[in-house]
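See below for the structure under consideration.
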Amino acid sequence: MTAWVPPDALGRRILCGTEYATVRYVGTVPPTAGIWLGVEWDDPQRGKHNGTHEGTQYFKCRHPRGGSFIRPNKANFGVDFLTAVKDRYGLNNEDNVHPGKESTLFFGRTVEFVGMDSIIEQQRQVHRLNQLVDISVRECAVSHAGQKEEISRTCANIRRTDLSKNLISSWETVTDIASQVQNLEMLNISENKMKFPTTSISVSSAFLKLRILALNQTEITWTEVLLCAPGWPALEELYLTSNNITVLERPENVLQTLKLLDLSDNQLLDGNQVHQIAHLPSLEQLMLRNTGISSIHFPDAGLGCKTEMFPSLKHLEIKDNKISEWFSINELDKLPSLRSLQCRNNPLMDTEKNQETLRQLIIAKIGQLEVLNKSEILPAERKGAELDYRKIFGSDWIAAGGHWNPERNKPSEEFLAAHPRYPSLCLKYGAPEEGELKRQQPLTLKNQLLTLTIKCPDKPEQKPLEKKLPDSMTIQRVKGLLFRLLKIPGSELKLSYESSKLEGKEVELDNDLKPLQFYSIENGDSVLVRW
């Protein structure tokens, strides 16, 4: 049984039916005749053995049953880039045009000149290909660039290309394709298991304008990323999910323009690995979802100070990890530019049954945060969270040596380590006094009645009313009560309140679904009604 086998078949990626594999052996397997391919399947369930046949080891597999032998005629070694593009976009007309024969497929008439139909259609194809800016050939079995300069002649205007889940076996193939696309800005080559350079390489001009690069599920290591990175001088976004990256190294004079880095689904050795990338000057977004980290620490900055690490970081994603201590949340307040945080599905999130309470604690601990778990933090919510935090932990503060008199205010280091923002909250709202503090109690506050004064500042003829309302009452229910109480015609009410302890400051009650206690309203406060 004979079949053509590419001379570089060893190490190539192939398709066998719908299954992907890598060729690990080419040769005979006695006592059978003919050439066999020893392949390692991406899905080990597809295999039969580890590369051994009748006691002879022909190749090795990572999985003990991840290998098989197949005949070459069962293997699809893929197509060149342009063939895939023409197939995907319906421009491959080889079956419809026959040079030397008349054809009625074009223009609805018979072509008189022999071969002219083919020439005209080829010119049309070139024109169509040159118009393509965004190209996706995902799962099109692309394995090589094709003839030299053919891509640059026919697809000169490509800017964004999706080459994911193909049969690309090496970074060199990617470079061969990209070098013919002068204005390439975005490239997705995820889900291609390929070989990357393991030593320094000459810098190619293929990626000079590349801004976005996706290398998810390519088995690249961080060391290999840094070896390729000199060729990405303008790169802004780099996606590296699911690559078994465990150890990071500090980038030296590379990735300096990077704004977004996604390392999700890589099991990092420990949380300190992120220190290696902490000095990328332009990094604004860092995704560390499901990386196994259990703590975050910025040792260069003391309590209440800002770290020099991650100077531009605005968005951090650390959900689906193993963070279990409030210490790590306290540390995030050291990041000077942090504005958005995603931290769901960490053990810490299970320490409070009330998720709303948990949210308030995180808001109070990270002063500059504007978005938490994709939900905007409004000014009223921040104020309520900080006032509540200041009050709830006030008794601990006093017990630890805190005092409203600055000369006697000496809280312990232990308290400040647990509550590093507490001094700044005292500066912002004033230090709590013993008389105003609640006893330490569970953060899921018990319902209680509040004595409030109802005022209508735009209606001086309306006398103030005093009402007792449960602090669990929602703003929507309060509005319904006031409609009936004040006999207001069908209008939209706008509520706010004034604290008896913060004179002159008015806080809008702008969320109908929140209870009064959400805004830290207390006995003696005034509710202002406008319509």
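Screening the range 154-166 for residues that are of a type outside the set (A, V, I, L, M, F, W, C) and under 33 Å from the mean Cα position of the chain (by Cα) and picking the one that is surrounded by the most Cβ atoms within 10 Å (Cβ to Cβ) gives N166.
For first residues located in the range 46-59 and not assigned by the TED database to the domain that holds T28, partners that are in a strand (DSSP E or B) and open to solvent by less than 40 Å² (accessible area, probe 1.4 Å) and lie 6+ apart or on another chain with Cβ distances below 8 Å do not occur. Checking the structure you have, find out if any residue of the range 204-218 is in contact with a His (Cβ under 8 Å, 6 or more places away or on another chain) and open to solvent by 10 Å² or more (accessible area, probe 1.4 Å). There is no residue in the range 204-218 that is in contact with a His (Cβ under 8 Å, 6 or more places away or on another chain) and open to solvent by 10 Å² or more (accessible area, probe 1.4 Å).
Looking for something in a loop (DSSP other than H, G, I, E, B) and out of contact with any Cys (no Cβ under 6 Å at 6 or more places or on another chain) - is there at least one such residue anywhere in the range 170-178?
Initial filter on the range 170-178 (in a loop (DSSP other than H, G, I, E, B)): none.
Within the range 170-178 (the criterion being in a loop (DSSP other than H, G, I, E, B) and out of contact with any Cys (no Cβ under 6 Å at 6 or more places or on another chain)), the answer is no, since none of the residues qualifies.
The residue that is nearest to E376 (Cα to Cα), counting only those in the range 465-513 that are of a type in the set (K, R) and loosely packed, with under 13 Cβ neighbours inside 10 Å, is K505.
Restricting to the range 270-306, name every residue that is assigned to a loop (DSSP other than H, G, I, E, B), farther than 20 Å from W326 by Cα, within 16 Å of the chain's Cα centre (by Cα) and of a type in the set (A, V, I, L, M). Within the range 270-306, just L283 meets the criteria. Residue pairs whose Cβ atoms lie under 6 Å apart, sitting 6 or more positions apart in sequence or on different chains, and linking a residue in the range 2-22 that is on the phi < 0 side of the Ramachandran plot and not assigned by the TED database to the domain that holds Y58 to a partner that is open to solvent by 70 Å² or more (accessible area, probe 1.4 Å) and of a type in the set (S, T, N, Q), are A3/N73.
Under the condition of being assigned to a helix (DSSP H, G or I) and open to solvent by 80 Å² or more (accessible area, probe 1.4 Å), which residue from the range 129-153 is modelled with the highest pLDDT? First the steps, then the outcome.
Here is the first cut: in the range 129-153, the residues assigned to a helix (DSSP H, G or I) are 129-131, 150-153.
Those still in the list that are open to solvent by 80 Å² or more (accessible area, probe 1.4 Å) too: 131, 153.
Numbers: Q131: 85, R153: 90.
Step by step, filter the range 129-153, then rank; the result is R153.
Screening the range 1-42 for residues that are hydrophobic (A, V, I, L, M, F, W, C) and more than 29 Å from E191 (Cβ to Cβ) and picking the one that is most open to solvent (accessible area, probe 1.4 Å) gives M1. Selection of the range 514-531 for residues being open to solvent by 30 Å² or more (accessible area, probe 1.4 Å), modelled with pLDDT of 85 or more and part of a loop (DSSP other than H, G, I, E, B) yields E522, N523, G524.
Every residue, every condition in (1) open to solvent by less than 30 Å² (accessible area, probe 1.4 Å); (2) touching a His at 6+ places or on another chain (Cβ under 6 Å); (3) in contact (Cβ under 8 Å) with a residue 12 or more places away in the chain, yes or no:
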site: S295; (1), (2), (3): no, no, yes
site: L303; (1), (2), (3): no, no, yes
site: P336; (1), (2), (3): no, no, yes
site: L372; (1), (2), (3): yes, no, yes
site: E376; (1), (2), (3): no, no, no
site: E381; (1), (2), (3): yes, no, yes
site: D388; (1), (2), (3): no, no, yes
site: G394; (1), (2), (3): yes, no, yes
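Of everything in the range 68-105, what is among the basic types (K, R) and modelled with pLDDT under 70? Give them in sequence order. Before you say what the answer is, go through the steps one by one.
In the first step, residues of the range 68-105 are kept if they are among the basic types (K, R); the result is 71, 74, 86, 88, 101.
Hit for the range 68-105 is K101, nothing else.
Considering the range 269-286, the residues that are open to solvent by 10 Å² or more (accessible area, probe 1.4 Å) and hydrophobic (A, V, I, L, M, F, W, C) include one that is farthest from K193 (Cα to Cα), namely V274.
Within the range 50-79, the only residue that satisfies the criterion of being of a type in the set (F, W, Y), out of contact with any Ser or Thr (no Cβ under 8 Å at 6 or more places or on another chain) and assigned to a loop (DSSP other than H, G, I, E, B) is F59. From the list L387, L348, the one residue that fits, being farther than 20 Å from L427 by Cα, touching a Phe, Trp or Tyr at 6+ places or on another chain (Cβ under 8 Å) and modelled with pLDDT under 95, is L348. Would you check if there is a residue in the range 186-200 being closer than 22 Å to L129 by Cβ, surrounded by fewer than 19 Cβ atoms within 10 Å (Cβ to Cβ) and in contact with a Ser or Thr (Cβ under 9 Å, 6 or more places away or on another chain)? Scanning the range 186-200, I find at least one residue that is closer than 22 Å to L129 by Cβ, surrounded by fewer than 19 Cβ atoms within 10 Å (Cβ to Cβ) and in contact with a Ser or Thr (Cβ under 9 Å, 6 or more places away or on another chain), so the answer is yes.
Looking across the range 43-62, the residues that are surrounded by 14 or more Cβ atoms within 10 Å (Cβ to Cβ) and of a type outside the set (S, T, N, Q) come down to P44, R46, G47, H49, G51, H53, Y58, F59, K60, C61.
Do we have any residue at all in the range 436-454 that's modelled with pLDDT of 85 or more, outside any loop (DSSP other than H, G, I, E, B) and within 41 Å of the chain's Cα centre (by Cα)? Looking through the range 436-454, none of the residues is modelled with pLDDT of 85 or more, outside any loop (DSSP other than H, G, I, E, B) and within 41 Å of the chain's Cα centre (by Cα).
Looking at the range 228-244, is at least one residue without any contact (Cβ under 8 Å) to a residue 24 or more places away in the chain, out of contact with any Lys or Arg (no Cβ under 8 Å at 6 or more places or on another chain) and either at positive phi or of a type in the set (K, R) (or both)? The answer is no; no qualifying residue exists.
D265 meets all of the listed conditions (1) farther than 30 Å from F327 by Cβ; (2) of a type in the set (D, E); (3) buried (at least 18 other Cβ atoms within 10 Å of the Cβ) but one, namely (1).
The values are calculated or read from the model by the stated rules, or taken from the named source; none is laboratory data. Everything numeric here is computed off the predicted structure, so don't read it as measured data. Quick reminder, even Gly has a Cβ in these numbers, built from the backbone with ideal geometry, and neighbours come from all protein chains shown. Accessible surface is based on the protein model in full, side chains and every heavy atom, while ligands, DNA and RNA are left aside. Shrake-Rupley method; radii C 1.70, N 1.55, O 1.52, S 1.80 Å.
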